[in-house]
Each structure stands twice: as C-alpha cells, then as structure tokens.
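Let me begin by presenting the structure, written as structure tokens, before commenting on it.
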Amino acid sequence: MYQELYQSFGPQHWWPGDTPFEIAVGAILTQNTSWANVEKAINDLKKHNALSAKAIHEMPVSTLSKLIRPAGYFNIKAGRLKSFIQFLMEKYKGSMKRMKKDETYVLRKKLLRINGIGPETADSILLYALEKPVFVIDAYTRRVLSRHGIMEHDEPYEKFQELFHLSLKKNVRLFNEYHALFVMAGKTYCKKKNPLCDKCPLTRKILDNR
C-alpha cells in the first residue's frame, strides 16, 4: 500500500511548520477544521508576534481566542492551547527541545493528560514536532484500511496503531510519509461520500493482481 501510494502521490513534505513549536500549535488547532483555516490562524499569531510559548502563556485567553478565530471553535481551542502551553512551561520551561528528551511512552502519557489532547493530537505532536516514531491514526487512515478489508472501521485507535507498530520498522520518516499519503488518498479518492474507487491506485493494484 505504501509503495502504491508513494508512486502515485510522491513525497508529501509533512508537517507544514517552521519550528517544532509551530507544528505542535498546528496539531492542536487543526482539530475539526481544514489546514487552510489553521494556516490563517497561525499567520495571525505571527503577525502579532504571538507564536511563542512565552507570548501565549502571558496572553489573556480572550485575546488568544480572537487571534485563532479562523481555526474555528476558537474559544475551545484557545483553552486547549493554553493548557498545552501551561504544561510546556511548567514541565520544560517552554522548550520543545527539553520535551523531546523525554522517553516516548512517558511523554505520550503526559500529553494525553492535558485537557483537549487526545491520541491523534498527541501522536501528531510526537511524530511531527518531536520526531518520535509513533504512527498517527486519523479518519482517512481508518477509512482506507476498512474499505480494503484490513481492519474494521470502529476498532479502537490503539488497534489501528498496533497494526503499523508491529508490522513496520519504527522509523520517523516512514511513519511521517505513510500517514501523509493516507491523508492524500482519503482526500483525493477515498472520500467519505461518493468515493472514486475505480481511480484509486490501491484498487487498481488489487484488480491487476486478480
């Protein structure tokens, strides 16, 4: 599946962001919205010199809500972002480099205790911001795998993740690219409604092998 998707789409160069901190902020803001909206919110933070742990930590939550309004659910996300920054400041003095030194399993447990950060967001921060070999499971991954009969769509997050962790070498670059390719396949062919199965490279490969 990886080879077919890679040949069809090529490298995806994920995750967009100039720094690990920006990537972590993006991972929180992208919940339930498009990346285009997240980019607008991040650009607004940059325009106000507010894209730093210190700036967000000292900023009133009402001000933060206004700056990230393009990302949608801005009041909720402002609270979640504040909770993450509080954690980052208290545990690592605002430094993503210090955070990266923690062992992956321990750090994942810490992230999951932060209000509003679930497995997908935590793993996105681990993989893309901190370069930890953790596979991110999202709606696109579930959809592609379930439609190809590999796993049931409603299996727990951990079961999907286990499939990759046990089947593949734990490699940051591979996990990064593979997840991004699932997203591309989901957006392009494996749509929630009216999927373009006849054009999907994965479906074509299966038909060619029959």
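Can you name every residue in the range 1-24 that is of a type in the set (Phe, Trp, Tyr) and part of a helix (DSSP H, G or I)?
Tyr2, Tyr6, Phe9, Phe21
Testing Pro133 on (1) touching a residue at least 60 places away in the same chain (Cβ under 8 Å); (2) surrounded by fewer than 21 Cβ atoms within 10 Å (Cβ to Cβ); (3) not polar (S, T, N, Q), one condition comes back false. Which one is that?
Here Pro133 clears every test but (1).
As an exercise: evaluate Asp123 against (1) assigned to a helix (DSSP H, G or I); (2) assigned by TED's automatic domain parsing to the domain that holds Gln86; (3) more than 15 Å from the chain's Cα centre (by Cα) and give the number of the one condition it does not meet.
Single failed check for Asp123: (3).
Residues being touching a helix residue (DSSP H, G or I) at 6+ places or on another chain (Cβ under 7 Å) and under 18 Å from Tyr128 (Cβ atoms): count how many of those fall in the range 88-97.
Number satisfying all stated conditions: 3.
Every residue, every condition in (1) β-branched (Val, Ile, Thr); (2) under 22 Å from Thr63 (Cα atoms), yes or no:
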site: Phe9; (1), (2): no, no
site: Asp18; (1), (2): no, no
site: Phe21; (1), (2): no, yes
site: Gly26; (1), (2): no, yes
site: Leu29; (1), (2): no, yes
site: Ile42; (1), (2): yes, yes
site: Lys46; (1), (2): no, yes
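Do we have any residue at all in the range 150-158 that's out of contact with any helix residue (DSSP H, G or I) (no Cβ under 8 Å at 6 or more places or on another chain), without any contact (Cβ under 8 Å) to a residue 40 or more places away in the chain and among the hydrophobic types (A, V, I, L, M, F, W, C)?
no
Quick check, is Tyr140 of a type in the set (Phe, Trp, Tyr), within 14 Å of Tyr178 (Cβ to Cβ) and without any contact (Cβ under 8 Å) to a residue 60 or more places away in the chain?
yes
Just a yes or no: is a residue in the range 93-114 in contact (Cβ under 8 Å) with a residue 40 or more places away in the chain, part of a loop (DSSP other than H, G, I, E, B), closer than 29 Å to Lys187 by Cα and not assigned by TED's automatic domain parsing to the domain that holds Pro156?
Within the range 93-114, not a single residue is in contact (Cβ under 8 Å) with a residue 40 or more places away in the chain, part of a loop (DSSP other than H, G, I, E, B), closer than 29 Å to Lys187 by Cα and not assigned by TED's automatic domain parsing to the domain that holds Pro156.
Go through (1) in contact with a Ser or Thr (Cβ under 7 Å, 6 or more places away or on another chain); (2) closer than 30 Å to Val144 by Cα; (3) not in a loop (DSSP other than H, G, I, E, B) for Gln31 and report which single condition fails.
Only one criterion is unmet by Gln31, namely (3).
Each row is one residue, and each column tells you yes or no for (1) aliphatic (A, V, I, L, M); (2) modelled with pLDDT of 95 or more.
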residue	(1), (2)
Phe21	no, yes
Trp35	no, no
Ala41	yes, yes
His48	no, yes
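The values are calculated or read from the model by the stated rules, or taken from the named source; none is laboratory data. Note that the structure is predicted; figures quoted are calculated from it, not measured. Here Cβ is always computed from backbone atoms with ideal geometry, including for glycine, and neighbour counts include all displayed protein chains.
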